Amino acid sequence: MSATAASWPLWEVFVRARRGMAHVHAGSLHAPDADLALRNARDVYTRRQEGVSIWVVPSAALVVSDPARRGALFDPAADKDYRHPTHYTVPDGVEHL
Amino acid sequence: MTTSATSVDAVLGLGDDALVTAQRLGWWISRAPELEEDVALANIGLDQLGQARALLAHAGSLEGAGRSADDLAYLRGPEDFRNVLLVERPQQDFGVAMVRMLLLAAWQLEVYAALAAGADPVLAGVAAKAVKEVDYHLDHASTWVLRLGDGTEESHRRAQAALDAEWPYLAELLRPDSGACVDPATLAPAVLARATAVLDAATLTVPDVPPAGGGGRRGDHTEHLADLLAEMQQVARAHPGASW
């Protein structure tokens, strides 16, 4: 049985730990369809109790930011303290802010 | 629970089913069709090995002759094994492996579910854990049997050939036996319903053939078991009492 790239595409696997709140990228695998991708992810990425919830996404469905544009996309946020809540002092007597 | 040769043999039967299955599944490591399937089959084999270890240890303590799980696994000859013939036959075709896993897991699921609610607390504990494992084995086998049966012409033909070869050996698993841990006669309807549901959905035809017979539960085995045990036991027998 030879699997071609078209019949066994790549899937990205995200796993949420028992005490976690977010699914974390765990790796990738090949599978012919979504059901098998989920089961392969269970077999490959949760052997050591890594998590209690799995998401699988076809790698082709992921749209990712271009690493070459990292400067333009993310550096401008670096020196803008006023965007953080901690920048402001809360006046006395103001509650539940 | 009275300790009798029958109840030791009954527990050995379940343990040997799992042990021989684990050994057969180990063959797939580095040979599976895909890397992910390689890991899956190895995991399933390890689940079965864990069940075997717990069951053989319990059989040894019921027997009361000081035999550990290792002694029972490595030092018995084929005539003392109590597994069914289904699991000892070679399994080097992926379709055969999946059909066999479907039939075995459908049966193990019913057995363990019954034992988990049974009177023997050790067996109940082993079974409670094993039920979850074989639930997944059944799921894995069903997923593949559906894709192979309801797949291409070639996969359908080969899956049907696998079913034709394996189905006659299901009868031995389901043969009524009041001395067994759970009388298979009480489980047969549920096992058959589960298995045929998957086979029907996979567009496979249950063959109309006579059962293969077989005396695995009495120690009457095919030559395949002797070959399997020779390989499995040779290191332990060559170096008695060794550990690492």
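The values are calculated or read from the model by the stated rules, or taken from the named source; none is laboratory data. Since we're looking at a predicted model, the values are computed, not measured. In this analysis, Cβ positions are derived from the backbone assuming ideal geometry, glycine residues included, and neighbour counts consider all displayed protein chains.
Within the stretch B:116-132, the set of residues being in contact (Cβ under 8 Å) with a residue 12 or more places away in the chain and either β-branched (Val, Ile, Thr) or outside any helix (DSSP H, G or I) (or both) comprises B:Gly118, B:Ala119, B:Asp120, B:Val122, B:Val126, B:Val131. Under the condition of being in contact (Cβ under 8 Å) with a residue 40 or more places away in the chain and assigned to a loop (DSSP other than H, G, I, E, B), the residues counted in the stretch B:190-215 number 12. B:Gly151 satisfies every condition listed in (1) without any contact (Cβ under 8 Å) to a residue 12 or more places away in the chain; (2) among the small types (Gly, Ala, Ser); (3) away from every other protein chain (no Cβ under 14 Å) except (3).
Specify the residue that is surrounded by the fewest Cβ atoms within 10 Å (Cβ to Cβ); the eligible residues are those in the stretch B:77-104 that are within 14 Å of another protein chain (Cβ to nearest Cβ) and touching a Phe, Trp or Tyr at 6+ places or on another chain (Cβ under 9 Å). By that ranking, first place goes to B:Gln92.
Condition check: farther than 30 Å from A:Ser28 by Cβ, out of contact with any strand residue (DSSP E or B) (no Cβ under 7 Å at 6 or more places or on another chain) and not hydroxyl-bearing (Ser, Thr, Tyr). Does A:Pro67 satisfy that? Answer is no for this residue. Checked across the stretch B:34-47, the condition of being within 28 Å of B:Leu146 (Cα to Cα) and part of a loop (DSSP other than H, G, I, E, B) holds for at least one residue. Any idea how many residues of the stretch A:67-93 are assigned to a loop (DSSP other than H, G, I, E, B) and surrounded by 10 or more Cβ atoms within 10 Å (Cβ to Cβ)? Of the residues in the stretch A:67-93, 1 are assigned to a loop (DSSP other than H, G, I, E, B) and surrounded by 10 or more Cβ atoms within 10 Å (Cβ to Cβ). The residue list B:Ile44, B:Ile29 contains one member that is of a type outside the set (D, E, K, R), crowded, with 20+ Cβ neighbours inside 10 Å and more than 23 Å from B:Pro189 (Cβ to Cβ), which is B:Ile44.
Would you confirm whether any residue within the stretch A:2-10 is outside any loop (DSSP other than H, G, I, E, B) and touching a residue at least 12 places away in the same chain (Cβ under 8 Å)? Yes, the stretch A:2-10 contains a residue that is outside any loop (DSSP other than H, G, I, E, B) and touching a residue at least 12 places away in the same chain (Cβ under 8 Å).
If you go through the stretch B:202-226 and keep only what is touching a helix residue (DSSP H, G or I) at 6+ places or on another chain (Cβ under 8 Å) and basic (Lys, Arg), you end up with just B:Arg217. Looking at B:Ile29, B:Ile44, can you tell me which residue is touching a helix residue (DSSP H, G or I) at 6+ places or on another chain (Cβ under 6 Å), within 11 Å of chain A (Cβ to nearest Cβ) and not charged (D, E, K, R)? Going through B:Ile29, B:Ile44 in turn, just one is touching a helix residue (DSSP H, G or I) at 6+ places or on another chain (Cβ under 6 Å), within 11 Å of chain A (Cβ to nearest Cβ) and not charged (D, E, K, R): B:Ile44. Selection of first residues in the stretch B:173-187 that are of a type in the set (Gly, Ala, Ser) and of second residues that are assigned to a helix (DSSP H, G or I) and modelled with pLDDT of 90 or more, restricted to Cβ pairs under 7 Å at least 6 apart or on distinct chains, gives the following pairs, ordered by first then second residue: B:Gly179/B:Ala10; B:Ala180/B:Ala10; B:Ala180/B:Gly13.
Checking each residue in the stretch A:11-30 for being under 18 Å from A:Val63 (Cα atoms) and either in contact with a Cys (Cβ under 7 Å, 6 or more places away or on another chain) or exposed (fewer than 15 other Cβ atoms within 10 Å of the Cβ) (or both) picks out A:Val24, A:His25, A:Gly27. Being within 14 Å of chain B (Cβ to nearest Cβ), more than 20 Å from B:Ile44 (Cβ to Cβ), in a loop (DSSP other than H, G, I, E, B) and not aromatic (Phe, Trp, Tyr) is not true of A:Ser28.
Within the stretch B:181-221, the set of residues being hydroxyl-bearing (Ser, Thr, Tyr) and at pLDDT below 95 comprises just one member, B:Thr186. Across the stretch A:31-57, the number of residues qualifying as buried (at least 19 other Cβ atoms within 10 Å of the Cβ) and either part of a loop (DSSP other than H, G, I, E, B) or within 11 Å of chain B (Cβ to nearest Cβ) (or both) comes to 11.
Filtering the stretch B:216-231 to residues that are surrounded by fewer than 17 Cβ atoms within 10 Å (Cβ to Cβ) and either in a helix (DSSP H, G or I) or within 15 Å of the chain's Cα centre (by Cα) (or both) leaves B:Arg218, B:Glu223, B:Ala226, B:Asp227, B:Ala230, B:Glu231.
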